[in-house]
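The values are calculated or read from the model by the stated rules, or taken from the named source; none is laboratory data. These numbers come from a predicted model, not from an experiment. When we count neighbours, we look across all protein chains shown, and the Cβ atoms used for this are built from the backbone with ideal geometry, even at glycine.
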Amino acid sequence: MTVIKARIAILTMCWLAACAGGKQAHEPVDETEIDNVWHQAKLRGVAFRAIGQEPGWLLEIKNGAEIVLVTDYGSKRLVMPYVEPVVYPEERRTQYVLEAYETMVEISGEPCTDSMSDEKFEVSVTLRQADSELLGCGRALF
């Protein structure tokens, strides 16, 4: 009788978990979820977004408007005017050169994996400033 009760308990737990509607850890992330930062950026008009680790940074490019760089885990924020990129199609590489800010963003068509989350991205991003180089991953949002 105890084996039957144990099986009923397991089946009941499975049924409750299935009916709960909660996300399981193995399910893919839905980019249209309200709390998804990539979707929120897209809604704000960001055309390209990149992230990097150690130290944590992020880059958002709004075509025709601005390029926003947040570094040092969010403690520094730099808003730069948008510049047209230099595109090297045969090398699958794009550069944004922001001379006044001593900043260059290079996007290359090499797949990339975020070192913290293991999330896969379509492109690699290198951010060079006067005294530093940051590496990360990114994706086009439009």
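Odds and ends about this structure:
- Any hit, segment 65-79, residues being crowded, with 17+ Cβ neighbours inside 10 Å and modelled with pLDDT under 95: yes
- Selection status of Val105, over 18 Å from Val46 (Cβ atoms), in a strand (DSSP E or B) and out of contact with any Asp or Glu (no Cβ under 9 Å at 6 or more places or on another chain): no
- Figure legend. Inter-residue proximity from segment 74-86: first residues under 12 Å from Ala100 (Cβ atoms), second residues hydrophobic (A, V, I, L, M, F, W, C) and exposed (fewer than 14 other Cβ atoms within 10 Å of the Cβ), beta-carbon distance below 8 Å, spacing 6+ or different chains. Indicated pairs: Met80/Ala100.
- Applying the criterion of being surrounded by 16 or more Cβ atoms within 10 Å (Cβ to Cβ) and not β-branched (Val, Ile, Thr) to the residues of segment 89-100, the residue that is farthest from Gly138 (Cα to Cα) is Leu98.
- Selection from segment 20-51 of residues that are outside any loop (DSSP other than H, G, I, E, B) and either modelled with pLDDT under 55 or farther than 19 Å from Leu98 by Cα (or both): Ala20, Val37, Trp38, His39, Gln40, Ala41, Lys42, Leu43
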